[in-house]
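Let me begin by presenting the structure, written as structure tokens, before commenting on it.
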Amino acid sequence: MDKARLVSELAAIVPAPIVTAPEELLVYECDGNTLDKAQPDVVVFPTTSEQVAAIVRLANQYQVPFVARGAGTGLSGGALALHGGIIIEMCRMNKIWEVDYVNQRAVVGPGLVNLHLSLAVADAGYFYAPDPSSQGSCTIGGNVAENSGGPHTLKYGVTTNHVLGLEVVLPNGDLVHFGGATLDTPGYDLTGLFVGSEGTFGIATKVTVQLLRKPEAVKTILAAFATVADASNAVSGIIGAGLIPGALEMMDHLTIQAVEAFTGAGLPLDAGAVLLIELDGIAEGMEEDAARVVAICQQHGCRQVRVAKDEAERALLWKGRKQAFGAMGRLSPNYYTHDGVIPRTRLPEALERIQAIGKKYGLRIANVFHAGDGNLHPLVLYDERNPEEVTRVMQAGEEILRTCVELGGALTGEHGIGMEKRDCMPWLFTEDDLEIMHRVRQVFNPHQLCNPGKVSTPARQVPLWRGDP
Amino acid sequence: MATATALPMFDERERPPREKITACVHCGLCLDKCPTYRLLGTEMDSPRGRIYLIKAVSEGRLAMTPSFVEHMYLCLECRACETACPSGVEFGSLMELARAQIERHVPRPWWQRLLRWLVFDELFPYPWRMEQLCHLLRGYQRLGVQTLVRRLRLLALLPARLRRMEAMLPPVPKRPFTRSVPPWLPARPPRQHRVALFSGCVMNLFFPDVHEATVRVLQANGCEVWVAPQQVCCGALHVHAGEREQAKRLARRNILVFERQEVDAIINNAAGCGAHLKTYGELLADDPDFAERAHHFSAKVQDIAEFLARTPLRGPLAPLRQRVAYDDPCHLLHAQRIGEQPRRLLRQIPELELVPVTDADFCCGAAGIYNLTHPEVSQRLLEQKIAHLVAAKPDVVATGNVGCILQLQAGMQQAGLAIPVVHPVTLLARAYEAAGTG
């Protein structure tokens, strides 16, 4: 590849800067997951869909791999330039193009920070439901790629349930539109196919999302338990009673220590686990539901219940939960987050086995997760300066994921497969399953230039296209 | 990197400590709170990216290349990332140490060295020289020279930075605050506290009225105020520019000055100074003679708002019927975590309406001397800030830091707006004066 020529042609397409200096490319070698690293050759910052399309066409012309990147908060290496090439940084395409309250939808640029959308429509009484814990930084485009969830997934669903339509630059540089302005559009559900494709089917350049009316009433309850098992049983009890909280989150003992050091919200430091339970909906019946939740918690040995008395207290409790990953820096120089999913009824068993795995490998594991939908986030603490420890971290991680699959679960709930869990896909899918996935990808991304090396290793390796003979 | 050996690396003197670097787990929750990242979208200009670069130099993967230096100095040091950081990363301290390494090892062009030497070593440490410079500036303003220069458009001959400085220069008062008052000012009875006022350098020369307001409000609240003679610049500008040794000299001098009297608190009214005064303990931690004394000094330092808001204000306060937009100085909110106190104080003035401001926690672009070193980024941040302030439709804007006041005043002037920008304590003093108790 003639890099100088590529860069000069890129300069004709996109406004400055074009990042090519080695010491600047360095910071693009990883995203939120620091275990996997790969440097791009160049980073560009397009501001329009047409620029993105032109960059992609140029990449095709030069046979250079490319990958879209948002805020780089992903946890599966999805935005890594695994084979070098171009990182197309989307953060400058962060405009809110249109807000239509009557039809409850908005058209936004992929670089828009998730939380900025909810803030922009808050005064009108609306919100954007998918709320990843990194929502203060992560972008809508990244959420679309990873089909991100969040604490409120339990009731509201994941990103795909809130995306109505997309403008996409396909891996060959064509600009196309999927879906439309309504939940169902005629023809194939290409929007559904695209959301969660982890940047391997193209690059979203505009996203039409659904806005929801803010719930009339919210009640946030913090319940403390002596053990994770008690808290898990309470989770099953709440869901079993037919209650569907907006969110139902658990933090274990170790997580509580880190989070409390950050927020000072008054979490009980001696508790084995806390549940953060949020009920939302119409005001009528809210008190009764809250009383039922509290009663169920108490039946399962809850030692202390705290109901947020105002919005400030609610925000403080959520701040701790949402920023729990980042707070791990208080306990350890590095952490490795997993994202395994298990049937919620098997929570106590799963957590017990994870603790046993930690013990076996001599590692501390903190747990903070979406208990309501069985989406675990074991955080394995380590120090990257100790290569032997890193090996143990990888082994323990693999064992945790195998446990999730064995218990009838899955590899990922919301962080994506990326490159991180790529090689684990065969645990979950047969060769034929994977072959179908691969064939679908071939339709969109035949030359494997668009975010290569992610999601799955093709069953049959397709050689890179070298140009027409 | 092949060039790494030829270019300067960190030395062992006050090396950015490993544990402060690894406290960052690369989660990225700081990104959207960082003014330069929001503006530019470049990872190198985000807190996470900067720490990644510092880490790379620290590990020997990278040298202090010109690009490294550029990204370190593009940081405003507003420390909004510290408020956002769940992991408690001490970003400001890391940045100061990294800049000190740069200044020791990366040569600057001769004119920058000369300018830095003049400003940091020969001007700011000497109150008398500062005062003489002010007399010159006052002459420039009062003898019609400024008017003449402006009318003849002679300013166009100046470099952009100097033009900017000229435009921001407030009317220079006749004499510094410390020359216009006795060292001890009595409390309005009953006396409750004995406090010292940190008068600083720029505040003392350009804003004697804010010092006066501060003393007035302190007196009204039962404080006997000691305006310690011979105190010097706090040294905040120096540490931010990597000049740690000069900063240490200034810190030692101030400690000696304030040790002469036993006081309950050392009060300051400039957020940038206050934030730095509170870190003397850390700055002099390796100095056997001063470590403990510095710690003792820092423990007594309080911002005026922090000090006053501990208890309800003494009345009576006359009503001020004004819409006030309070804008958080970064070094008050992020470096000292003081956000609620100034608002609580203002709310105690009857009929004063505190109006909310979007992104009040965001930097205005002043950032010490950043508006002079990086005028373009500074200007873009200022324009955003003025737009948010104007949208709040205030009668007056209040903010508790000298740099921010000057920057916002310049912004209002550029926008052709007559909205005054004052220190919150000025509004409190007005309410006391109007009630006949100030």
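Just flag the GluC sites (Glu not before Pro) in the stretch B:323-366 sitting in loop per DSSP whose Cβ has no more than 13 other Cβ atoms within 10 Å.
Qualifying residues, ordered by number: B:GLU351.
What distance in nm separates the two pseudo spin-label positions at B:ALA156 and B:ALA434, each 7 Å out from Cα along the beta-carbon direction?
In this crude label model, B:ALA156 to B:ALA434 measures out at 4.5 nm.
So which cysteines in chain B don't have a second cysteine's C-beta under 4.7 Å from them?
B:CYS24, B:CYS27, B:CYS34, B:CYS75, B:CYS85, B:CYS134, B:CYS223, B:CYS364, B:CYS404
Which value, in Å² and to the nearest 10, is the accessible area of B:PHE120 when all protein chains are kept and the probe is 1.4 Å?
About 10 Å², ignoring ligands and nucleic acids.
Rounded to the nearest 0.05, what FRET efficiency do B:ASP359 and A:GLN355 have when you use their Cβ-Cβ distance and R0 = 30 Å?
After rounding, the FRET efficiency stands at 0.10.
Compute the Kirkwood hydrodynamic radius of the stretch A:159-274, taking the inverse of the mean of 1/r over all pairs of distinct Cα atoms, and give it in Å to one decimal.
One decimal place: 18.0 Å for the Kirkwood radius.
Classify the stretch B:323-434 from the C-alpha gyration tensor, please: rounded if a/c falls under 1.5, else prolate or oblate depending on whether a/b exceeds b/c.
Prolate, since a/c reaches 1.5 and a/b exceeds b/c.
Each residue of the stretch A:380-393 in order: what ³J(HN,Hα) in whole Hz does its phi give by Karplus 6.51 cos²θ - 1.76 cosθ + 1.60, θ = phi - 60°, with x for Gly and Pro?
Residue by residue, the stretch A:380-393 yields 8, 8, 7, 10, 5, 6, 9, x, 5, 5, 4, 4, 5, 4 Hz.
Which FRET efficiency, nearest 0.05, do B:ILE369 and A:GLU384 yield, Cβ-Cβ r, R0 41 Å?
0.65
How large is ³J(HN,Hα) for each residue in the stretch A:50-67, as worked out from phi by the Karplus curve 6.51 cos²θ - 1.76 cosθ + 1.60 (θ = phi - 60°), to whole Hz, x for Gly and Pro?
Residue by residue, the stretch A:50-67 yields 4, 5, 4, 4, 5, 4, 5, 5, 5, 4, 5, 4, 8, 6, 9, x, 9, 8 Hz.
Out of all Cα-Cα pairs in the protein assembly as shown, roughly what percent, to the nearest whole number, are more than 48 Å apart?
Percent of Cα pairs beyond 48 Å in the protein assembly as shown: 28.
Counting partner chain Cβ atoms within 10 Å of every residue's Cβ in B:16-26, what's the average?
Mean partner shielding for this stretch: 4.
Between B:ARG323 and B:ASP286, what is the spin-label point distance in nm, taking each point 7 Å from the Cα along the Cα→C-beta axis?
5.3 nm
Taking the DSSP beta bridges in the protein assembly as shown as the whole, what percent of them are antiparallel, to the nearest 5?
Here the share of antiparallel DSSP bridges comes out near 70 percent.
To the nearest 20 debye, what charge dipole does chain A have about its Cα centre, counting +1 at the Cβ of each Lys and Arg and -1 at the Cβ of each Asp and Glu?
280 debye
Mind scanning A:LYS421/B:LYS33; A:LYS37/A:LYS155; B:LYS248/B:LYS385; A:LYS214/A:LYS322; B:LYS278/B:LYS393 and naming the pairs with a C-alpha gap bigger than 28 Å?
Pairs exceeding 28 Å: A:LYS421/B:LYS33; A:LYS37/A:LYS155; B:LYS248/B:LYS385; B:LYS278/B:LYS393.
For the full complex of protein chains and a 1.4 angstrom probe, list A:LYS155, A:LYS219 by accessible area with the highest value first.
A:LYS155, A:LYS219
What do you get for trypsin sites (Lys or Arg not before Pro) in the stretch A:12-85 restricted to DSSP loop and a cutoff of at most 16 other Cβ within 10 Å of the site's Cβ?
Here the sparse-neighbourhood loop sites are A:LYS37.
Report the antiparallel proportion of the DSSP beta bridges in chain A as a percent, rounded to a multiple of 5.
Roughly 85 percent of the beta bridges in chain A run antiparallel, per DSSP.
Find the cysteines in chain A that fail to meet the 4.7 Å Cβ criterion with every other cysteine, and list them.
A:CYS30, A:CYS91, A:CYS138, A:CYS404, A:CYS424, A:CYS450
Using modelled backbone amide H atoms (1.01 Å from N, in-plane), which distant-in-sequence or interchain residues come within less than 5 Å of A:VAL42's amide H?
Under 5 Å from the amide H of A:VAL42 lie the amide H atoms of A:GLY85, A:ILE87, each far enough along the sequence or on another chain.
With the crude spin-label approximation of a point 7 Å out along Cα→Cβ, what separation in nm comes out for B:ARG347 versus A:LYS214?
Going from the B:ARG347 label point to the A:LYS214 one covers 1.9 nm.
Of all trypsin sites (Lys or Arg not before Pro) in the stretch B:234-330, which ones are in loop regions per DSSP and have a Cβ with at most 15 other Cβ atoms within 10 Å?
B:ARG260, B:ARG310, B:ARG321
What are the ³J(HN,Hα) values, in whole Hz, obtained from phi via the Karplus relation 6.51 cos²θ - 1.76 cosθ + 1.60 with θ = phi - 60°, for each residue of the stretch B:13-26 in sequence order, with x given for Gly and Pro?
6, 6, 5, x, x, 3, 5, 6, 6, 6, 4, 7, 9, 6
Under a 5 Å amide H to amide H cut-off, with H placed in plane at 1.01 Å, what residues pair with A:THR205 once short-range neighbours are removed?
The list, which skips near neighbours in sequence, is A:GLU167, A:VAL168, A:VAL169.
Could you sort A:ASP41, A:ASP423, B:ASP286, B:ASP328 by accessible area so the largest value comes first, with the probe set to 1.4 Å?
From most accessible down to least: B:ASP286, A:ASP423, A:ASP41, B:ASP328.
Figure the gain on full extension for A:VAL405 and A:GLN299 (residue separation times 0.36 nm, minus the Cα-Cα span) and round it to one decimal in nm.
Taking 0.36 nm per residue and subtracting the Cα distance, the gain is 35.1 nm.
Report, by chain and number, residues whose modeled amide H sits under 5 Å from the one on B:LEU197, excluding near sequence neighbours (fewer than 5 apart, same chain).
Those qualifying (amide H under 5 Å, at least 5 residues apart or on another chain) are B:TRP226, B:VAL227, B:ALA228, B:ILE267.
Tell me, what is the FRET efficiency for B:VAL181 and A:ALA122 to the nearest 0.05, using R0 = 45 angstrom and their Cβ-Cβ distance as r?
Rounded to the nearest 0.05, the efficiency is 0.35.
How big is the charge dipole of the protein assembly as shown about its Cα centre, in debye rounded to the nearest 20, if each Lys and Arg gets +1 on its Cβ and each Asp and Glu gets -1 on its Cβ?
Charge dipole of the protein assembly as shown: 3280 debye, to the nearest 20.
The values are calculated or read from the model by the stated rules, or taken from the named source; none is laboratory data. Remember, it's a predicted structure, so these values are computed and weren't measured experimentally. Virtual Cβ from ideal backbone geometry, glycine too; neighbours counted across all protein chains shown. What goes into the accessible areas is simple: the full protein's heavy atoms, side chains included, and nothing from ligands, DNA or RNA. Shrake-Rupley method; radii C 1.70, N 1.55, O 1.52, S 1.80 Å.
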